[in-house]
Structures are given as C-alpha cells and as structure tokens.
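If you scroll down you'll find the structure; I have some questions about it.
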Amino acid sequence: MLIRAADEEDADAIASILNALLVTTTIEWTEKPHSHESVLSWLAEHECVVVAEQEKEVVGVAAYGWFRDVVKRPGYRFTVENTVHVRQEHWRSGVGRSLMRALMARAKDSGKHAMVAAVDGANEQSIRFHQQLGFSEVARLPEVGEKFGQWQDLVLLQVRLDDRDTPDQLGCRGFQ
C-alpha cells in the first residue's frame, strides 16, 4: 500500500469513496453527492490530503484542515480537524490506520499541536477507531445536526500531536 499526497487526478476516486455511504448512513450530514468539482474545492480547502493506493486504485482518503476559522481567530492555528474515509471492502485492513498515522505525522511536522475528530454520535466504529489511535472523547453535543429527518449527536475526539508546553509562534508552518 502506498500513502501519498492527493492530487486533482484523484478527485473522482475520492468522490466515489465519500459518496459510498452518503445515502444510507449518517457518517456525513449531507445527502448531496460529491462531484468532481466539489472534491477539487474540498482539496483546495484542506491543508493536507493523503490517499491510500493499492494496485493503482485509491482505496482511502484522509485530510486535515482548519478546526475553526484561523484567519478570524488565529489562536486556533495549532489545531486541525481530520476526516478519514476508506472503501468499505478495505475496512479493518489497516488502510485507515495507515492513513491516519501519515496524516498525524504530517500535522505534527507542520507544527500542529492538536487534532480534533468530529464524529456522528451513532458511529461507534469510528469513535473506537479514533480512540485506538490515541484520541480521547472530549465532548458530546446532543442534537446539533440533522439527517434523514432526525436529530444527530456529534462526538468530538482529540489527540495531542506533540508535547510542547507552550506554542512556538514560528512552529506552525504554512499559516500566514
């Protein structure tokens, strides 16, 4: 398996992965399918996007981007929010774990201090997955979302990426 930076040529494969469970689960709180164009925008909005490739097929994607609007609130610039999606036939094969380890290492190397995962409260598998990677549940927000005409709970999990006691103002590369 190859973990590499995503590029525009991966847009259709990423859309396919993101859309696979969209209409049948609450993994993502939208029912609008991702298109080639929307994935290109999504790629541009994220600081880091990596894909897992097996036999020249993209089988998973993970990304991190702003946790909150760091332009308006630069105090959040050391914290990012992640997402990870793997083709269902590759679940429990190590793809997700490899993607997340690479993503966390890249975030740490870029000067990030913490990573947050926002997971649908009913998605116990994703909550356990993140916990196995060192994330801890830090908040449970009841009924903050909606999908399929029902209220959805949001679980926030967090992992500390480094052991700095104070922020290094030059340590967060890539922030303007």
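For the stretch 111-121, how many residues are more than 15 Å from the chain's Cα centre (by Cα) and either at pLDDT 95 or above or assigned to a strand (DSSP E or B) (or both)?
2
Applying the selection to the stretch 83-123, what residues are among the charged types (D, E, K, R) and either surrounded by 21 or more Cβ atoms within 10 Å (Cβ to Cβ) or under 23 Å from ILE14 (Cα atoms) (or both)?
At the first step, the residues of the stretch 83-123 found to be among the charged types (D, E, K, R) are 87, 89, 92, 97, 101, 106, 108-109, 112, 120.
ARG87, GLU89, ARG92, ARG97, ARG101, ARG106, LYS112, ASP120, listed by residue number.
In the stretch 17-27, how many residues are in a helix (DSSP H, G or I) and without any contact (Cβ under 8 Å) to a residue 60 or more places away in the chain?
Summing the residues that are in a helix (DSSP H, G or I) and without any contact (Cβ under 8 Å) to a residue 60 or more places away in the chain in the stretch 17-27 gives 1.
Same structure again: Give the residues of the stretch 31-58 that are within 16 Å of THR83 (Cβ to Cβ) and charged (D, E, K, R), sorted by residue number.
Of everything in the stretch 31-58, those that are within 16 Å of THR83 (Cβ to Cβ) and charged (D, E, K, R) turn out to be GLU45, GLU47.
Also, I was wondering about something else. Hey, VAL155 hits all of (1) surrounded by fewer than 19 Cβ atoms within 10 Å (Cβ to Cβ); (2) over 27 Å from ILE3 (Cα atoms) but one; which does it fall short on?
(1)
Of the residues ARG106, ARG92, ARG164, only one is of a type outside the set (A, V, I, L, M) and modelled with pLDDT of 95 or more; which?
Only one candidate passes the filter, namely ARG106.
Specify which of the listed residues (VAL159, VAL138) is touching a strand residue (DSSP E or B) at 6+ places or on another chain (Cβ under 7 Å), part of a strand (DSSP E or B), touching a residue at least 24 places away in the same chain (Cβ under 8 Å) and under 23 Å from CYS48 (Cβ atoms).
One residue alone meets the criteria, VAL159.
Could you tell me whether the stretch 80-91 includes any residue that is within 22 Å of LYS32 (Cβ to Cβ), out of contact with any His (no Cβ under 7 Å at 6 or more places or on another chain) and basic (Lys, Arg)?
Checked the stretch 80-91: at least one residue is within 22 Å of LYS32 (Cβ to Cβ), out of contact with any His (no Cβ under 7 Å at 6 or more places or on another chain) and basic (Lys, Arg).
Quick one: which residue in VAL71, VAL144, VAL95 is over 17 Å from ARG160 (Cα atoms), of a type in the set (Val, Ile, Thr) and touching a residue at least 40 places away in the same chain (Cβ under 8 Å)?
Answer to the check: VAL95.
The values are calculated or read from the model by the stated rules, or taken from the named source; none is laboratory data. Remember, predicted model here, so these are calculated numbers, not experimental data. So basically every Cβ, Gly included, is an ideal-geometry build from the backbone, and we count neighbours across all protein chains shown.
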